[in-house]
1. Just the residues that are of a type in the set (A, V, I, L, M, F, W, C), surrounded by fewer than 19 Cβ atoms within 10 Å (Cβ to Cβ) and in contact (Cβ under 8 Å) with a residue 40 or more places away in the chain, please, taken from region 275-298.
2. Looking at residue 169, is it surrounded by fewer than 21 Cβ atoms within 10 Å (Cβ to Cβ), of a type in the set (Phe, Trp, Tyr) and either touching a strand residue (DSSP E or B) at 6+ places or on another chain (Cβ under 7 Å) or not in a helix (DSSP H, G or I) (or both)?
3. Consider only pairs whose beta carbons are under 8 Å apart and that are at least six residues apart or on different chains; among these, list those whose first residue lies in region 209-229 and is within 22 Å of residue 189 (Cα to Cα) and whose second residue is among the charged types (D, E, K, R).
4. Would you confirm whether or not region 1-19 contains a residue that is in a loop (DSSP other than H, G, I, E, B) and under 28 Å from residue 316 (Cα atoms)?
5. Six or more apart or on different chains, Cβ under 7 Å: which pairs go from a residue in region 163-192 that's farther than 14 Å from residue 217 by Cα and touching a residue at least 12 places away in the same chain (Cβ under 8 Å) to one that's part of a helix (DSSP H, G or I) and of a type in the set (Gly, Ala, Ser)? Could you list them?
6. Considering only region 271-288, state which residues are in contact with a helix residue (DSSP H, G or I) (Cβ under 7 Å, 6 or more places away or on another chain) and either modelled with pLDDT of 95 or more or not in a loop (DSSP other than H, G, I, E, B) (or both).
7. Looking at 326, 338, can you tell me which residue is part of a helix (DSSP H, G or I), modelled with pLDDT of 95 or more, under 19 Å from residue 28 (Cβ atoms) and over 19 Å from the mean Cα position of the chain (by Cα)?
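The values are calculated or read from the model by the stated rules, or taken from the named source; none is laboratory data. These numbers come from a predicted model, not from an experiment. Positions of Cβ are backbone-derived with ideal geometry, glycine not excepted, and every protein chain shown enters the neighbour counts.
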Amino acid sequence: MTPPRAQLDALTGMRGIAAWFVVLYHIRAAFPESVPHWIVATLSKGYLAVDLFFVLSGFVMWLTYGDKFQKDGLAAAPQFLWRRIARIYPLHFLIILATMAYATALASAGKPYGVQYPFEELPLHFLLIQNWWLTDVLTWNDPSWSISAELAAYILLPFVAVTFFRKDWSPAASIAGAIALALVLHNWFLAHGEATIGKHIVWNGLPRCFAGFFAGVFMAMIWRARPSGPTTFVALSVSLLAFGMFVMGLAPETLAMPLAFTALVYFLAATSSAPRNPLCGRILLHLGDVSYSTYLGHFLLWIVFKHVFVDDPKNVPLPLIGLYLLSVYLSSILLYRLVEAPGRSLLQSIGKRKAATALT
């Protein structure tokens, strides 16, 4: 029996932290030499935050829709997919239009923009299928590759649910499934000669997403069966052990970090209701609420910011770095309030009207 669903604020707070880790990852090369090397080295692993996103997404999707798939089967898929499109597409559409405007302005000014903005690939981006092994390089708004990969996972989830998850797996079987996914992903990277997760995203992005997303589904199954108890301590121990072995060079990134993130998400969910949980504070919850706008909007903003304010993109003064980060935060609020939230509400209301019409 599924336990009463708690407000898992810790997951929202963690999503906010992860989004800003990606922002800092993308600007790390611009830091002046006064910034300690260890900070830059830490931020150079910011791409791993995306893999945490995938696990978080799978966890939340199964927690929210698992019962519906198990009860209604594929009949639940249209509403699920429409709600996911309503969640991700309005902001994506706006950012692509804004990027097109920037690329057009560059072309009109006679300034080359290289291969970053190939107009012939725009249909792939508008359809959000650009990272389905259809292109050779990241283009346009680079962070949207993960949204493209997640869309593929959303489409796949109903079919996997009715085939393999008509009932939640037992905690033991779910743990085995999550470990198996981590091993499959690790062997994928081994077969392609990759020592780190963040290389060759156009080819490795889908496997990263599928492994993390469905590992999150398995963690949600465990949480639904055991939302607290000794499993919580075990999850924390596994996460810390995997992360520690990676830091000490005793385990490869391609195996240790997927395992660490998978166990971490369960631990965060199981401890979300703990008193004074720092991840549930107002600031982190706020950052989590606008994290999608932060994630999807910061990349173009950085390009434009450098174009306008920066002379040496490899040595940006800290006050300018601070100004950019403030711009990201303020733009995230505006994008969330003016585009993301109202766009989601509009598309969801359209979906409800269509569903009501179909029933009459």
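1. 285
2. yes
3. Pairs that qualify, where the first residue is within 22 Å of residue 189 (Cα to Cα) and the partner is among the charged types (D, E, K, R), are 209/150; 212/51; 213/150.
4. Initially, region 1-19 is screened for residues in a loop (DSSP other than H, G, I, E, B), giving 1-8.
Of the ones still in play, those that are also under 28 Å from residue 316 (Cα atoms) are none.
No - not one qualifying residue is present in region 1-19.
5. Correct list of pairs: 184/211; 185/211.
6. 279, 280, 284, 285, 287, 288
7. Result: 326 is the single residue among 326, 338 that is part of a helix (DSSP H, G or I), modelled with pLDDT of 95 or more, under 19 Å from residue 28 (Cβ atoms) and over 19 Å from the mean Cα position of the chain (by Cα).
Residues are listed down the side, and each one gets a yes or a no for (1) out of contact with any strand residue (DSSP E or B) (no Cβ under 6 Å at 6 or more places or on another chain); (2) under 27 Å from residue 44 (Cβ atoms); (3) aromatic (Phe, Trp, Tyr):
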{"residue": "210", "(1), (2), (3)": "yes, yes, yes"}
{"residue": "218", "(1), (2), (3)": "yes, no, yes"}
{"residue": "248", "(1), (2), (3)": "yes, yes, no"}
{"residue": "254", "(1), (2), (3)": "yes, yes, no"}
{"residue": "258", "(1), (2), (3)": "yes, yes, no"}
{"residue": "265", "(1), (2), (3)": "yes, yes, no"}
{"residue": "269", "(1), (2), (3)": "yes, no, no"}
